[in-house]
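The values are calculated or read from the model by the stated rules, or taken from the named source; none is laboratory data. Given the structure is predicted, the values throughout are model-derived calculations rather than measurements. Here Cβ is always computed from backbone atoms with ideal geometry, including for glycine, and neighbour counts include all displayed protein chains.
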Amino acid sequence: MNLLFAEVKLGERTINWAYNGRLDMHFEGYYHWHQHCEILFIHEGTGSVIVNQQTYDIRSGMLFLFPPYKLHRVYMKAGPENPYIRTSIHFDQNIVMHNLTEFPSRQAYFKKLWQGHIGATVFDLSGVIEQIEHCLYSFNKSKATFEDESEEENTFLFLQLLSIIRDADTDGSYNSYSKDMAKPVFYSEMIMRWIEEHYAEEVTLDRIAEYVHLSKFYAARIFRDETGSSIGEYLTVRRIRQACRLLHTTDLSVEQIGIKVGLPSPPYFIQLFKKAIGTTPLKYRKNN
């Protein structure tokens, strides 16, 4: 299992910039979260993004904004003939907010994007793809010009992106992605939502299969086909994510937290937590 908490170390920088990254092979991704915001723009490729018990079909021109600590997974069906090409921007949302002080309308819009939405903010920008491609290309070119990071250039990038996104957000819902555009993912979403309600209990494939009225074999297969992961992997991720939240926000003991997330055996809970996060629950609480 990859580490679920994928820490992004910005150091003295405002953003971590990865332009036009390319993959020519199948990319299953993994469930994870960051302590900062992330913007993901799809230049080319097909696949799906799983976030907040929903699966979004993605294609060229899609833009995702993941708020801090939002669990998500990118699952791309890539190959030499259909590469996965994306630009990702991890950034300190608080510094961006500060830098937008002189632009109050865009500052307010940005705040709603990363604070006011339940899941990811998802935009289909295929209609203005040339505009956003030019914006990203120009910023990448400017980074080669300036030896040190330029806050002026960073701010200009976000001003441009926010203008493009706001123009696409015609109904003010902070989400221009229509579920009508997506492939049906009914069963996997049902299973994820059932897990959301029952992860603190003893969970069996029999219970899940009974809920979705499928055989155990077919329920497991369709979940993997639609999300790229197993039901067991998703269940573990959801439990560990909740354990991290409780370690952050409560004084409950490790044993009590394990029970609350459906992992009542302390040794097993600690072992699973360390495998997923890279440290023990107590050290995680101390460091965070």
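Does segment 61-84 hold any residues that are part of a strand (DSSP E or B) and crowded, with 17+ Cβ neighbours inside 10 Å, and which are they?
Of everything in segment 61-84, those that are part of a strand (DSSP E or B) and crowded, with 17+ Cβ neighbours inside 10 Å turn out to be Met62, Leu63, Phe64, Leu65, Phe66, His72, Arg73, Val74, Tyr75, Met76, Tyr84.
Taking the residues in segment 267-279 that are free of Cβ contacts under 8 Å to residues at least 24 places away in the same chain and more than 19 Å from His32 (Cβ to Cβ) as candidates, determine which candidate is surrounded by the fewest Cβ atoms within 10 Å (Cβ to Cβ).
Pro267
Could you tell me whether any residue of segment 187-200 is modelled with pLDDT of 70 or more, over 18 Å from Asn52 (Cβ atoms) and not assigned by TED's automatic domain parsing to the domain that holds Tyr56? Please lay out each step first, then the result.
Keep residues of segment 187-200 that are modelled with pLDDT of 70 or more, which gives 187-200.
Checking the rest, the ones that are also over 18 Å from Asn52 (Cβ atoms) come to 200.
Restricting the remaining residues to those that are not assigned by TED's automatic domain parsing to the domain that holds Tyr56 gives 200.
Scanning segment 187-200 turns up at least one residue that is modelled with pLDDT of 70 or more, over 18 Å from Asn52 (Cβ atoms) and not assigned by TED's automatic domain parsing to the domain that holds Tyr56.
What are the residues in segment 69-107 that are of a type in the set (A, V, I, L, M) and under 15 Å from the mean Cα position of the chain (by Cα), if any?
Scanning segment 69-107 gives Leu71, Val74, Met76, Ile89.
Determine whether segment 243-266 contains at least one residue that is in contact (Cβ under 8 Å) with a residue 12 or more places away in the chain, closer than 25 Å to Thr55 by Cβ and in a helix (DSSP H, G or I).
Yes, some residue in segment 243-266 is in contact (Cβ under 8 Å) with a residue 12 or more places away in the chain, closer than 25 Å to Thr55 by Cβ and in a helix (DSSP H, G or I).
Six or more apart or on different chains, Cβ atoms under 6 Å: show the pairs whose first residue is in segment 129-142 and in the same structural domain as Thr87 (by TED's automatic domain parsing) and in contact (Cβ under 8 Å) with a residue 60 or more places away in the chain and whose second is β-branched (Val, Ile, Thr) and surrounded by 15 or more Cβ atoms within 10 Å (Cβ to Cβ).
Ile132/Ile164; Leu136/Thr87
Taking the conditions exactly as written (in a helix (DSSP H, G or I), more than 20 Å from the chain's Cα centre (by Cα), of a type in the set (Ser, Thr, Tyr) and under 22 Å from Gly278 (Cβ atoms)), does Tyr234 satisfy them or not?
It is false that Tyr234 is in a helix (DSSP H, G or I), more than 20 Å from the chain's Cα centre (by Cα), of a type in the set (Ser, Thr, Tyr) and under 22 Å from Gly278 (Cβ atoms).
Scan segment 123-165 residue by residue and report those that are of a type in the set (Phe, Trp, Tyr) and part of a helix (DSSP H, G or I).
Across segment 123-165, the qualifying residues are Tyr137, Phe139, Phe156, Phe158.
Is it true that some residue in segment 146-154 is among the polar types (S, T, N, Q), buried (at least 19 other Cβ atoms within 10 Å of the Cβ), at pLDDT 90 or above and farther than 30 Å from Met25 by Cβ?
Checking segment 146-154: at least one residue is among the polar types (S, T, N, Q), buried (at least 19 other Cβ atoms within 10 Å of the Cβ), at pLDDT 90 or above and farther than 30 Å from Met25 by Cβ.
Assess whether Leu100 counts as being crowded, with 19+ Cβ neighbours inside 10 Å, assigned by TED's automatic domain parsing to the domain that holds Glu153 and not small (Gly, Ala, Ser).
So Leu100 passes the test.
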